[in-house]
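S.K.: Quick one: structure below, then a few questions.
The values are calculated or read from the model by the stated rules, or taken from the named source; none is laboratory data. Note that the coordinates shown come from a computational prediction; the quantities given were computed from them, not determined experimentally. Methodologically, a virtual Cβ is constructed for each residue, glycine included, from the backbone with ideal geometry; neighbour enumeration extends over all protein chains shown. Surface accessibility is based on the protein's heavy atoms, side chains included, excluding ligands, DNA and RNA. Shrake-Rupley method; radii C 1.70, N 1.55, O 1.52, S 1.80 Å.
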Protein chains: 2
Amino acid sequence: MPLYLDIHRNVKGMTPKKLADAHQKDLEVQDKHGVKYLKYWYNEGEGTVFCLCEAPSKEAAQAVHREAHGGVADEVIEVEEGS
Amino acid sequence: MPLYLDIHRNVKGMTPKKLADAHQKDLEVQDKHGVKYLKYWYNEGEGTVFCLCEAPSKEAAQAVHREAHGGVADEVIEVEEGS
């Protein structure tokens, strides 16, 4: 399954707790879209979030975010993992 | 130690092999800068690369890339890893 890294920029009012809750919601709805969110990284001060997921398409990855909490990514980039 | 995700954009003539070689060079020079490159992901068609590393500073992370192969990142973002 393709791997994607997405980038969310300037997320307003982000806190680690709110982000963990949003990620949990992603995990709860991802199965119906065939997506698996694997990890995320964030910079609280900048409001930047990176999510790594396996998904059948870029659109499916975004559909999970849209359904779970509405916070879609600014960019979704298909990636290969380096060895 | 702080964790950083960096982004390289529009890397010309990138191939998985060239990237693996560049990453290997990072690993060879990182110790003197106190940096540990952990993983990378890339999109060959777009010429985009993301590197995850532990480093004492953003500047130290870039110094490794500069010394190893000259390909510094366009952005280096300090991150926390989500759980």
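S.K.: Identify, by number, the condition in (1) open to solvent by 20 Å² or more (accessible area, probe 1.4 Å); (2) within 15 Å of A:Val79 (Cβ to Cβ); (3) among the hydroxyl-bearing types (Ser, Thr, Tyr) that A:Thr15 doesn't meet.
M.R.: (2)
S.K.: From (1) within 24 Å of A:Asp6 (Cβ to Cβ); (2) of a type in the set (Asp, Glu); (3) surrounded by fewer than 17 Cβ atoms within 10 Å (Cβ to Cβ), pick out the condition that doesn't hold for B:Asp6.
M.R.: (3)
S.K.: If you check A:Glu81 against the conditions, is it more than 11 Å from A:Leu5 (Cα to Cα) and of a type outside the set (Gly, Ala, Ser)?
M.R.: no
S.K.: Also: Given the criterion open to solvent by 10 Å² or more (accessible area, probe 1.4 Å) and at the interface with chain B (Cβ under 8 Å from one of its Cβ atoms), identify the matching residue among A:Glu54, A:Glu67, A:Glu59, A:Glu80. Walk me through how you get there before you give the answer.
M.R.: Details: A:Glu54 fails: at the interface with chain B (Cβ under 8 Å from one of its Cβ atoms); A:Glu67 fails: at the interface with chain B (Cβ under 8 Å from one of its Cβ atoms); A:Glu59 fails: at the interface with chain B (Cβ under 8 Å from one of its Cβ atoms).
Matching residue, one of A:Glu54, A:Glu67, A:Glu59, A:Glu80: A:Glu80.
S.K.: Please verify whether the stretch A:17-26 includes one or more residues that are within 10 Å of the chain's Cα centre (by Cα) and either within 25 Å of B:Thr15 (Cβ to Cβ) or without any contact (Cβ under 8 Å) to a residue 12 or more places away in the chain (or both).
M.R.: No: the stretch A:17-26 contains no residue that is within 10 Å of the chain's Cα centre (by Cα) and either within 25 Å of B:Thr15 (Cβ to Cβ) or without any contact (Cβ under 8 Å) to a residue 12 or more places away in the chain (or both).
S.K.: Of everything in the stretch A:39-51 that's open to solvent by less than 10 Å² (accessible area, probe 1.4 Å) and either among the acidic types (Asp, Glu) or more than 10 Å from the chain's Cα centre (by Cα) (or both), which residue is nearest to B:Tyr4 (Cα to Cα)?
M.R.: A:Thr48
S.K.: Next question. Please tell me if B:Lys36 is modelled with pLDDT of 95 or more, open to solvent by 20 Å² or more (accessible area, probe 1.4 Å), more than 10 Å from chain A (Cβ to nearest Cβ) and over 29 Å from A:Leu19 (Cβ atoms).
M.R.: For B:Lys36, the condition - modelled with pLDDT of 95 or more, open to solvent by 20 Å² or more (accessible area, probe 1.4 Å), more than 10 Å from chain A (Cβ to nearest Cβ) and over 29 Å from A:Leu19 (Cβ atoms) - is not met.
S.K.: Could you please let me know if A:Ala22 is among the aliphatic types (A, V, I, L, M) and away from chain B (no Cβ under 11 Å)?
M.R.: no
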